[in-house]
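Just below is one structure, and these are the notes that go with it.
The values are calculated or read from the model by the stated rules, or taken from the named source; none is laboratory data. Since the structure is predicted, the reported quantities are computational estimates derived from the model, not experimental observations. When we count neighbours, we look across all protein chains shown, and the Cβ atoms used for this are built from the backbone with ideal geometry, even at glycine.
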Amino acid sequence: MRALRTLLSTLAAAAVLSAALPVPAVAYEFSPLESLMRRAVADSVFPGASLAVIHRGRVVFHQAFGRLTYDSNSTAADTTTMYDAASLTKAVVTTCIAMQLAERDSLDIHAPVSRYRKSFAAGGKDRVTIEQLLRHTSGLRAHTYFSPSCVTPDELFRAIDQERPLAEPGTKTEYSDLGFMLLGNIVESLTGKSLASNFRERFSAPLGMSSTMFAPPPPFLGRIAPTGEDGVWGLDRPRPLVNDQNAALLGGVAGHAGLFTTTGDLCRMVRMLMNGGELDGKRYVRTSTVLTFLKKTDAPRALGWDLVSTTGASSAGSHFSASSWGHLGFTGTSIWVDPVRGLAVILLSNRVWPSADNIRIRKFRPQLHDTVVECISRN
């Protein structure tokens with residue numbers, strides 16, 4: 001029986017994590033991928049983008065294309081260009097911090113949210129759990145602009161406290177920014193530190209992600225690809241740089257959005273997760289915790305991460321395996337990981353410049369991931 005359990009555990013790990021075995025150098029042929037990226041810039045899918053491909057533990061492709069804006073005199077994008085990661089913040093920051101807090105018994109993902117924020121129980125939300133926030137099954141609405149009625153972060157969170165669920169908690173998946181705003185607030189309450197400080201101390205600094213941060217200071221501004229603003233800013237104070245209006249209301253640091261990063265930095269974070277929570281001999285999260293958060297269940301989403309859709313088209317394309325996991329960002333960012341192939345694709349772009357009305361990226365994303373798989377499959 002013990003041998004059977006060991007075998008099952010090994011198979012489960014292989015289903016969500018990448019094999020960390022070293023592989024010999026391979027001469028990949030990525031010219032179709034380069035052509036696709038250049039065509040995307042020419043077709044105004046985005047002004048520019050940075051793209052990284054990880055295969056079996058190695059970064060095998062890392063290039064940038066286009067410019068920071070559509071102006072022909074604009075600065076060319078490169079692999080050190082910083083992009084507004086938008087909702088990648090949910091997975092890369094808030095979920096990873098939740099992993100550490102959960103395994104250290106500071107956060108019980110099965111507990112009601114009201115254990116950590118008593119006022120949240122109002123309006124029939126007393127049975128909503130942390131896990132439901134992570135899986136987007138809390139019943140909270142997807143999105144709303146809080147700045148017309150809220151001026152401070154405290155007012156925003158009190159407004160979330162007064163929300164009534166649109167569905168019975170646990171019965172429906174509705175991707176919700178509100179749930180992750182709340183998770184970010186809970187992290188800060190539990191630790192007594194800002195979300196930005198938590199991420200810097202736990203992950204970005206030890207991982208060497210020196211170009212990944214919230215609210216970048218002036219020395220970094222020349223490296224940041226611009227975005228259009230998400231909604232009209234009606235407050236009488238300067239708006240933080242972040243595209244997302246609610247993240248701006250929260251000072252540029254929020255559980256659902258606000259992170260700025262580069263493809264090179266994200267490669268280190270993604271490799272760590274693919275390697276079961278360890279990188280370069282340093283452990284950040286237990287392998288069992290990573291497995292728990294990325295486990296495929298009957299739910300359409302994992303804990304904090306998305307899963308490949310089993311019904312309809314997926315932004316990961318048609319070649320990624322059924323055990324793949326990833327996340328998208330509104331500004332034109334994405335991470336998709338196929339553990340069966342030991343493959344990850346990281347795309348950062350500013351498709352929302354100058355306007356979020358440009359949705360060409362919806363058609364592009366599946367083409368991108370299919371092309372990557374086809375390129376590595378030739379070897």
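Just give me the residues in segment 146-187 being of a type in the set (Asp, Glu) and in contact with a Ser or Thr (Cβ under 6 Å, 6 or more places away or on another chain), in sequence order.
161 - this is the single residue of segment 146-187 that is of a type in the set (Asp, Glu) and in contact with a Ser or Thr (Cβ under 6 Å, 6 or more places away or on another chain).
Mind listing whichever residues of segment 116-162 are in a loop (DSSP other than H, G, I, E, B), within 30 Å of residue 289 (Cβ to Cβ) and of a type in the set (S, T, N, Q)?
Those that are in a loop (DSSP other than H, G, I, E, B), within 30 Å of residue 289 (Cβ to Cβ) and of a type in the set (S, T, N, Q): 137, 138.
With the checklist (1) farther than 22 Å from residue 298 by Cα; (2) without any contact (Cβ under 8 Å) to a residue 60 or more places away in the chain; (3) hydroxyl-bearing (Ser, Thr, Tyr); (4) surrounded by 14 or more Cβ atoms within 10 Å (Cβ to Cβ) in hand, flag the one item residue 119 doesn't pass.
(4)
Do any strands (runs of 3 or more DSSP E) lying entirely in segment 321-379 carry at least 2 residues that are under 18 Å from residue 53 (Cα atoms) and among the polar types (S, T, N, Q), and which ones are they?
Per the criteria, 333-338.
Of 101, 134, 107, 156, which residue is modelled with pLDDT of 95 or more, within 20 Å of residue 307 (Cβ to Cβ) and not hydroxyl-bearing (Ser, Thr, Tyr)?
Criteria check complete, one pass: 134.
Does any residue of segment 294-304 turn out to be in contact (Cβ under 8 Å) with a residue 12 or more places away in the chain and of a type in the set (Ser, Thr, Tyr)?
No, segment 294-304 contains no residue that is in contact (Cβ under 8 Å) with a residue 12 or more places away in the chain and of a type in the set (Ser, Thr, Tyr).
What helices (runs of 4 or more DSSP H) lie completely within segment 235-298 and have 2 or more residues being over 22 Å from residue 183 (Cα atoms)?
Where helices (runs of 4 or more DSSP H) fall fully within segment 235-298 and carry at least 2 residues being over 22 Å from residue 183 (Cα atoms), they are 263-274.
Which one of these does residue 169 not meet: (1) surrounded by fewer than 20 Cβ atoms within 10 Å (Cβ to Cβ); (2) touching a residue at least 40 places away in the same chain (Cβ under 8 Å); (3) over 20 Å from the mean Cα position of the chain (by Cα); (4) assigned to a loop (DSSP other than H, G, I, E, B)?
Failing condition for residue 169: (1).
Of the residues in segment 335-355, how many are surrounded by fewer than 24 Cβ atoms within 10 Å (Cβ to Cβ) and touching a strand residue (DSSP E or B) at 6+ places or on another chain (Cβ under 7 Å)?
1
Are there any pairs with C-beta distances below 8 angstrom linking a residue in segment 216-231 that is touching a residue at least 60 places away in the same chain (Cβ under 8 Å) to a residue that is loosely packed, with under 14 Cβ neighbours inside 10 Å and of a type outside the set (Phe, Trp, Tyr), with the two at least 6 apart or on different chains, and if so which?
223/80; 228/355
Give me the pairs: first residue in segment 340-357 and polar (S, T, N, Q), second residue in a loop (DSSP other than H, G, I, E, B) and modelled with pLDDT under 95, beta-carbon distance under 8 Å, and six or more apart or on different chains, which are they?
Within 8 Å, the pairs are 355/228.
Of the numbered conditions (1) buried (at least 17 other Cβ atoms within 10 Å of the Cβ); (2) modelled with pLDDT under 95, residue 237 satisfies every one except a single condition; which is it?
Only one criterion in (1) buried (at least 17 other Cβ atoms within 10 Å of the Cβ); (2) modelled with pLDDT under 95 is unmet by residue 237, namely (1).
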